[in-house]
Amino acid sequence: TSCYPYIPRHKDETLNFNEIKITVINIEYYLDNQLEIRRLFVQKGKTHYNLIHFFFTNWPKYGTVDYRTLIDLIEIVNQYEQESINLPPPIVVHCSSGTGRTGTYIAIDIILHLLDQPNEQLERMQLDIMGVVNQLRHDRAKMVQTEKQYLLIHHCVEEYLRKTNRLNLIIKEYHEYETIPESLSKLHEDRYSNLSDSKVNSLSIIDHVVNEINKKYSRKN
C-alpha cells in the first residue's frame, strides 16, 4: 500500500492512535472481492462515530479499471449514502497521491449525479466533461492524471446512459452539427491528451475554440 495503514484489516481488530481507537465491526465483500466494505467504530474519549470505509483493491496507480465495474462501485457507495438515517455524510476519496484515481472517481460521480434528472431536462443539458475535470484541477492540481483516466470518464458516462436507456437523449442527430472548421481540426492533439502536464490549460483550449467560432460567424455577417 502507498499510504499509512490507518484502519484495521480484519474483523474485531483495533488500531490505536494516541487517544483515537478504531475497531472493525464488520466486513463485506462485493464485485468479486475487489471491494471491501468495513463498518468502523471510531472512539475518542466519550465521543464515538460509526463510519463506513470502502476499499477498492483493483485499480493500479496511473491506470484504469473496467468502466462497468467502476460504475457499479460508485452506485454501491451512493446507495450506502442514501440509506443514511440522517443527512448524507461527507465522503472522503483518496488513492495514493489523491489526484489521478481520486480525480477520475470524483469526476464520474459528479457527472452521474448531474445525469440523474428527468429526461426532458436531460435533453436540454450540455454535458461538459472537460469543464468538470478542469474545475477539479482548479481546486486541486493534477486531478485526473493520464489520458486513459480521462477517456475512462467518457466510457463510464456513455455506459451509464446506455445502461439507463437514455444515451439517445445526449447524442443529438447528425444534422444538428456543422462541419468543424479546418483550423479547429488541426489543433495539436497533445493539448487535449497530455493531462499530466501542468502547463495544459483547458480554459485556453475553450477560449481558442470560441474565438474560432466567433471569427467564422463574423465572416458570415
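The values are calculated or read from the model by the stated rules, or taken from the named source; none is laboratory data. These numbers were taken from a predicted model, which means no experiment stands behind them. Using ideal geometry, Cβ is built from the backbone for each residue, glycine included, and neighbour counts are taken over all protein chains shown.
Could you list, in sequence order, all residues of segment 129-148 that are more than 21 Å from Gly63 (Cα to Cα) and either of a type in the set (Phe, Trp, Tyr) or surrounded by 14 or more Cβ atoms within 10 Å (Cβ to Cβ) (or both)?
Filtering segment 129-148 for residues more than 21 Å from Gly63 (Cα to Cα) gives 131, 135, 138-139.
Once the filter is applied, which keeps residues that are more than 21 Å from Gly63 (Cα to Cα) and either of a type in the set (Phe, Trp, Tyr) or surrounded by 14 or more Cβ atoms within 10 Å (Cβ to Cβ) (or both), segment 129-148 yields only Gln135.
Restricting to segment 114-137, name every residue that is part of a helix (DSSP H, G or I), under 17 Å from Lys163 (Cα atoms) and without any contact (Cβ under 8 Å) to a residue 24 or more places away in the chain.
Residue satisfying the conditions is Leu114 alone.
Of the residues in segment 149-158, how many are surrounded by fewer than 16 Cβ atoms within 10 Å (Cβ to Cβ) and either touching an Asp or Glu at 6+ places or on another chain (Cβ under 6 Å) or closer than 22 Å to Asn78 by Cα (or both)? Walk me through it before giving the result.
Filtering segment 149-158 down to residues surrounded by fewer than 16 Cβ atoms within 10 Å (Cβ to Cβ) leaves 151, 154, 158.
Remaining after also requiring either touching an Asp or Glu at 6+ places or on another chain (Cβ under 6 Å) or closer than 22 Å to Asn78 by Cα (or both): 154, 158.
Counting residues in segment 149-158 that are surrounded by fewer than 16 Cβ atoms within 10 Å (Cβ to Cβ) and either touching an Asp or Glu at 6+ places or on another chain (Cβ under 6 Å) or closer than 22 Å to Asn78 by Cα (or both) gives 2.
Just to be sure, is Lys44 farther than 20 Å from Lys163 by Cβ, touching a residue at least 24 places away in the same chain (Cβ under 8 Å) and in contact with a strand residue (DSSP E or B) (Cβ under 7 Å, 6 or more places away or on another chain)? Before the answer, list the steps.
Details: farther than 20 Å from Lys163 by Cβ: yes; touching a residue at least 24 places away in the same chain (Cβ under 8 Å): yes; in contact with a strand residue (DSSP E or B) (Cβ under 7 Å, 6 or more places away or on another chain): yes.
Here the answer is yes, as Lys44 does meet what is asked.
Could you run through segment 2-56 and say how many residues are on the phi > 0 side of the Ramachandran plot and within 28 Å of the chain's Cα centre (by Cα)?
If we filter segment 2-56 for residues that are on the phi > 0 side of the Ramachandran plot, which is where we start, we get 12, 18, 31-33, 45.
After this cut, where a residue has to be within 28 Å of the chain's Cα centre (by Cα) as well, the list is 31-33.
Total meeting the criteria: 3.
Out of all the residues in segment 139-150, which are in contact with a helix residue (DSSP H, G or I) (Cβ under 9 Å, 6 or more places away or on another chain) and on the phi < 0 side of the Ramachandran plot? Break it down into steps so the answer makes sense when it comes.
Within segment 139-150, the subset in contact with a helix residue (DSSP H, G or I) (Cβ under 9 Å, 6 or more places away or on another chain) is 140, 142-147, 149-150.
Result: Arg140, Met143, Gln145, Thr146, Glu147, Gln149, Tyr150.
Can you tell me which residues in segment 96-137 are more than 12 Å from Ile153 (Cβ to Cβ) and β-branched (Val, Ile, Thr)?
Thr99, Thr102
Between a residue in segment 150-171 that is over 16 Å from Gly131 (Cα atoms) and any residue that is modelled with pLDDT of 90 or more and of a type in the set (Asp, Glu), which pairs come within a Cβ distance under 7 Å, given they are 6 or more apart or on different chains?
Leu167/Glu158
For segment 1-91, please list each of the strands (runs of 3 or more DSSP E) lying entirely inside it that holds at least 3 residues being at pLDDT below 95 and more than 25 Å from Met143 (Cα to Cα). Full working, then the answer.
Numbers: elements: 14-17, 20-30, 35-44, 47-56.
Here the list reads 47-56.
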